[in-house]
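The values are calculated or read from the model by the stated rules, or taken from the named source; none is laboratory data. Here the structure is a predicted model, which means the values were calculated and not measured. Note that each Cβ is placed from the backbone with ideal geometry, even for glycine, and that neighbours are counted across all protein chains shown.
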Amino acid sequence: MDKKILRKRLIESRKSLDKTEKAKWDKIISEKIINSDYFKNAKQVLIFSSTDDEFDTRYIIERCRLLYKRVFYPLCIDSEGKMEFYKVDSVGDLQVGMYNILEPKSTCKKYIPQDNDLVIVPCLSADRHKNRIGYGKGYYDRFLKDFNGMSVSPCYDILLEDEIPTDKYDMQINIIVTDKEVIQ
């Protein structure tokens, strides 16, 4: 299947999800991530600022703060797929950025990799081969190419695909977490 057609179908499917069910699934997926060894071992968590239709990252961010984990948000540098992460200590460190998404202010401290870092990668869908499909700009694929930590994508089981079409630039995720299973 063509990625553009699949992406469009997935966006529509995700928009049509029942909000109460979605909130329940967000909590289940968050708990699975929070209770995992890779989360417990991470001192630094790289996470995205979710939009209304996406997996809600607020629960994981809140837990990071309670556990004194350093939290980093992505900052889109350009429209060509360049992205960097910056430390965010509070909502005051965020501003509306590219694609109308909350991003860290450029005055925040830039991410420096450490052992056991964890990145939570957004996706529209994934498959059991640990392939994901995002919005098509390649920001995370470019970032993951040189990332040495653990990558995790939250994905609603109802949106899980049998197979995600890939190309040479697509990077696999280490773990896909759904409301029904953990794919490692």
Pairs where the first residue, in region 80-93, is under 12 Å from THR107 (Cα atoms) and of a type in the set (Ser, Thr, Tyr) and the second is outside any strand (DSSP E or B) and at pLDDT below 90, C-beta under 9 Å, 6+ apart: TYR86/SER106
Considering only region 23-44, I want to know if a residue exists there that is in contact with a strand residue (DSSP E or B) (Cβ under 6 Å, 6 or more places away or on another chain), within 14 Å of VAL88 (Cα to Cα) and buried (at least 17 other Cβ atoms within 10 Å of the Cβ). yes
Residues of region 1-51 being in contact with a Pro (Cβ under 7 Å, 6 or more places away or on another chain) and assigned to a loop (DSSP other than H, G, I, E, B), in sequence order, are MET1, PHE48
Scan region 126-139 for residues that are farther than 15 Å from ILE175 by Cβ and outside any loop (DSSP other than H, G, I, E, B) and report the count. 2
I'm trying to understand the selection: among the residues of region 116-125, which are in contact with a helix residue (DSSP H, G or I) (Cβ under 7 Å, 6 or more places away or on another chain), under 21 Å from ASN35 (Cβ atoms), in a loop (DSSP other than H, G, I, E, B) and of a type in the set (A, V, I, L, M, F, W, C)? VAL121
Which condition does GLN172 not pass, out of (1) modelled with pLDDT of 95 or more; (2) over 17 Å from the mean Cα position of the chain (by Cα); (3) in a loop (DSSP other than H, G, I, E, B), if it passes all the others? (2)
For region 140-164, what are the residues that are of a type outside the set (Ser, Thr, Tyr) and either part of a strand (DSSP E or B) or under 20 Å from ILE28 (Cβ atoms) (or both)? MET150, VAL152, PRO154, CYS155, ASP157, ILE158, LEU159, LEU160, GLU161
I'd like the full set of residues that are part of a helix (DSSP H, G or I), within 20 Å of ASP115 (Cα to Cα) and under 13 Å from the mean Cα position of the chain (by Cα), limited to region 52-87. ILE60, ILE61
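Quick one: is THR107 at pLDDT below 95, surrounded by fewer than 18 Cβ atoms within 10 Å (Cβ to Cβ), out of contact with any Pro (no Cβ under 7 Å at 6 or more places or on another chain) and under 19 Å from VAL152 (Cβ atoms)? Give the derivation first.
Details: at pLDDT below 95: yes; surrounded by fewer than 18 Cβ atoms within 10 Å (Cβ to Cβ): yes; out of contact with any Pro (no Cβ under 7 Å at 6 or more places or on another chain): yes; under 19 Å from VAL152 (Cβ atoms): no.
For THR107, the condition - at pLDDT below 95, surrounded by fewer than 18 Cβ atoms within 10 Å (Cβ to Cβ), out of contact with any Pro (no Cβ under 7 Å at 6 or more places or on another chain) and under 19 Å from VAL152 (Cβ atoms) - is not met.
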